[in-house]
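Here's the structure, in structure tokens; my notes come after.
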Amino acid sequence: MSAPTLAASGESAGQRPGQPRRPRRIRANTSREGFARALRRNLSAHGFLLGALLCFAFFSWYPMVREFVLAFQKTEGGHTTWAGWSNLSYVFHDPAFWQAWRNTLLFTGLALVLGFALPFLVAVTLNEFRHGQGYLRMLVYLPVMLPPVASVLLFKYFYDPGYGLFNRLLGLVGLPEQQWLQSTDTAMVSVVIAATWMNMGGATLIYLAALQGIPGELYEAAELDGAGLLRKIWHVTIPQTRLILSLMLLMQIIATMQVFTEPFLLTGGDGPEGSTTTVVYLIYQYAFNFNNYGSAAALGLVLLVLLAGFSAAYVRLSRGSED
Amino acid sequence: MTTRTLISPAQLGRTRGKVAYWTVFAAVMLIFTLVFLGPLYWMAANGLKTTKEFVQTPPTGFPTSLHPENYSHAWDVMDLSRLLLNTLWYAFGALAFQLVFDVAAAFSLSRLRPVFGKLILGMMLATLMIPATVLVVPQYLTVLDVPIFQRNLLNSPWVIWLPSVTNAFNIFLLKRFFDSIPRELLDAAAMDGASPVRTLWSIVLPVSRPILGVVSIFAVVGVWKDFLWPMLTLPDPGKQTLNVGIYSLASGVPENWLVAALGIASLPTLLIFLVFQRNIMSGLTAGGLKG
């Protein structure tokens, strides 16, 4: 598919006359020099690619293929056999599977309410300020730069039911104390709050950049039509940033459905009665606690199939945005 | 005139508008400072407390007595110098590998246009569509016994460096930047008989400084922030990164020391951020959505 265009752009000069039906053969015979030059050019071009190509081959493409193979294999006592669909059926019959999906969807849902809406709200507010924008932007992005072990352990201390800061704050405004990470009701919410604090900076900055691209006349026109603040947001701000909003929504869904580090560091992964076990944590458990790579790969395949749709939508949307 | 936004200048000019603006502004400044700087202050302050004061209720806002020696205890007990050096070694190695291999690949795909170049780029970009976590298990099995070479990369820096090259997003960013370099510049070099290496080195790289800066910062920060992969592939405590090392030692150390260690671990990336703030922000918004 790419060869013809290459021949045309690469070594067009010398061989134009003799190109009727089988350009390849003719080119090689009639002009040795052109062929040699093309070969040399391609060799050096591929030489430049070699390092990256090998890394991709070993650490991306081969593992991709291996993921599919693993999902249908079983390894017991050192030898590997084909397992057909048994890994998948094992995964589907594991009660932890359904709980992990419930937890993951809860996390994704909560993270969309907080992690998707909050940065937009913050960006819209910051964009109105004529002072201190640089400082505020820096503040929001600050946690993104912290190593996760630092931010997560900080939140673990804040959540402590005894000396933790959060219960103290709740006490100040007269609300009842919470068990935070220790209770099945609040564990996942606590994880989402921490994750939002850690990660909202990137989205906020991207929204801010998008908001700065909205032409001011649109707001003026809306005002002439008598639109208030909320109507301006609804009829100008949101439509004008719709593409970025939908891209970020897809990205958030893809990212949050793969959540691992935050619950793993905050609650050890499971949480009270498995209330923070996510799908990726379950993959981790299958593979590294139970040495059951087949089931881990099968569960990974389920996640992949589910997220492939979102990924495809994302690629399509961002392709469209480039022109 | 600056571009106008949601709220009209006329509205802001009125007394009521002014009052509302400054009220909201003050509130946001206060809340943001508390929410985003507060935890960092808490970390610094609690790293200076005694263990007793640390767990005391109600907690003190400012330590009653300062104990900077917590930081040196944490440094010694958790062997932070080793963890720090390890992380630096992995981060800058990964940076070097990404700069050399990814820049060369992007240059080749953008300017030398080899046979199958489009297909190769497509296959690289396809890796962005596979959820990263799905690949962790087969990747782990691969580094246990790398095919053809039959090498076990566990506990070696290669296990961080080589997979870090497979950053399709970096290659894409670099390629787009190289694509935008004016043709005439490169044609002139070709006329003078410059080899590809020479063209890349003396013409392309000097004009690509902004994008190289962005890629470099993200490469270093990426290694600094990674957790799952180094936890799996560097089980030897002497070889671990800050994230993994502190995590595995966390339960055996007094709280005030641990918090002091967290402060030390956070400092490098915070400094990078403060110094390169502008590059990071522009890189984020320039390349943030074009994946």
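Quick note: the coordinates plus some simple rules give every number you see, no bench work behind them. Everything quoted here is computed from the prediction, not taken from an experiment. Here Cβ is always computed from backbone atoms with ideal geometry, including for glycine, and neighbour counts include all displayed protein chains.
Sequence-distant or interchain residues sharing an amide H contact under 5 Å with A:G269, placed H: which?
Close amide H contacts, sequence-distant or interchain: A:F264.
Looking at the square roots a ≥ b ≥ c of the eigenvalues of the Cα gyration tensor of the stretch A:49-110, which shape do they give, rounded for a/c under 1.5, prolate if a/b is larger than b/c, or oblate?
Since a/c reaches 1.5 but b/c is at least a/b, the shape of the stretch A:49-110 is classed as oblate.
Using 0.36 nm per residue, how much length does the chain from B:I181 to B:V55 gain when fully extended, once their Cα-Cα distance is taken away?
Extending this stretch completely gives an extra 39.5 nm.
Considering the protein assembly as shown, what Rg and Dmax in Å follow from its alpha-carbon atoms?
27.1, 90
Per residue, how big is the convex hull of the stretch A:237-322 when only Cα atoms are used? Give it in Å³.
Hull volume over Cα atoms, normalised by residue count, gives 120 Å³.
What is the calculated FRET efficiency for A:D185 to B:V35, with r their C-beta to C-beta distance and R₀ = 25 Å, to the nearest 0.05?
Plugging the Cβ-Cβ distance into 1/(1 + (r/R0)^6) gives 0.55.
Considering the alpha-carbon set of chain B alone, what are its Rg and its Dmax in angstrom?
Gyration radius and largest Cα-Cα distance of chain B: 24.6, 76 Å.
Could you quote the convex hull projected area for the stretch B:198-265, Cα atoms only and averaged over all directions, in nm²?
Averaging across all directions leaves 6.7 nm² for the Cα convex hull.
What do you get for Rg/Rh over the stretch A:196-285 if you use C-alpha atoms and the Kirkwood form of Rh?
Computed over Cα atoms, the ratio is 1.21.
Between B:R4 and B:T23, how many nm apart are label points set 7 Å from Cα along the C-beta direction?
The two pseudo-label positions are separated by 2.4 nm.
At 7 Å along the Cα-to-beta-carbon direction for both A:R168 and A:S86, put a label point, then send me their distance in nm to one decimal.
5.6 nm
Take peptide A:215-224, look around each residue's Cβ out to 10 angstrom, count Cβ atoms belonging to other protein chains, and average those counts.
Mean inter-chain Cβ contacts per residue within 10 Å come to 3.
Under 17 Å from a point 7 Å along the Cα-to-Cβ line of B:R151: which residues of the stretch A:60-86 have their amide N that close?
A:60
Taking only Cα atoms and a 10 Å spring cutoff, compute GNM fluctuations for chain A and point out the largest among A:P143, A:P215, A:P161.
A:P215
So which helices of chain A fit the span-like rule, where a helix is a whole DSSP H run, its Cα atoms reach 27 Å or more along the axis, and its mean Kyte-Doolittle is at least -0.5?
Length and hydropathy pass: A:32-56, A:187-212, A:293-322.
With a ≥ b ≥ c the root eigenvalues of the C-alpha gyration tensor of the stretch B:1-110, is it rounded (a/c under 1.5), prolate (a/b larger than b/c) or oblate?
Because a/c hits 1.5 or more and a/b fails to exceed b/c, the stretch B:1-110 counts as oblate.
What list do you get for B:M78, B:M129 if you sort them by fewest beta carbons within 10 Å?
Least crowded to most crowded, the residues run B:M129, B:M78.
Rounded to the nearest 0.05, what FRET efficiency do A:S246 and B:L88 give with R0 = 41 Å and r taken as the Cβ-Cβ distance? Could you check?
Here the calculated transfer efficiency is 0.55.
Using the alpha-carbon centroid of each, what span in Å lies between the stretch A:252-312 and the stretch B:4-62?
Centre-to-centre (Cα) distance: 36 Å.
Report the net charge of residues surrounding B:L121, where surrounding means a beta-carbon distance below 12 angstrom and charges are Lys +1, Arg +1, Asp -1, Glu -1.
My count for the surroundings of B:L121 gives +3.
Using 0.36 nm per residue, how much length does the chain from B:A44 to B:M191 gain when fully extended, once their Cα-Cα distance is taken away?
Contour length minus Cα-Cα distance gives 47.0 nm.
Residues of B:115-127, mean number of Cβ from any other protein chain within 10 Å of their own Cβ, rounded to a whole number?
5
What does the convex hull of the alpha-carbon atoms of the stretch B:119-271 project to on average, in nm²?
Mean shadow area of the hull around the Cα atoms is 12.6 nm².
Please give, to one decimal in nm, the separation of the simple spin-label points placed at A:L112 and B:L125, each 7 Å out from Cα toward the Cβ.
2.7 nm
What is the average number of partner chain Cβ atoms found within 10 Å of a Cβ in A:59-71?
For peptide A:59-71, the averaged partner shielding equals 6.
Which of these, A:A96, A:A203, A:A150, has the largest mean-square fluctuation under a Gaussian network model of chain A (Cα springs below 10 Å)?
Looking only at A:A96, A:A203, A:A150, the largest GNM fluctuation is found for A:A150.
Grab the Cα-Cα distance for A:T125 and A:E177, subtract it from 0.36 nm times how many residues apart they are, and report the gain in nm with one decimal.
So the chain would gain 15.6 nm between A:T125 and A:E177.
More than 35 Å apart: what percent of Cα pairs in chain A qualify?
Summing the P(r) tail past 35 Å for chain A gives 46 percent.
Could you compute the net charge surrounding A:G47? Neighbours are other residues with a C-beta less than 13 Å from the C-beta of A:G47; K and R count +1, D and E count -1.
+2
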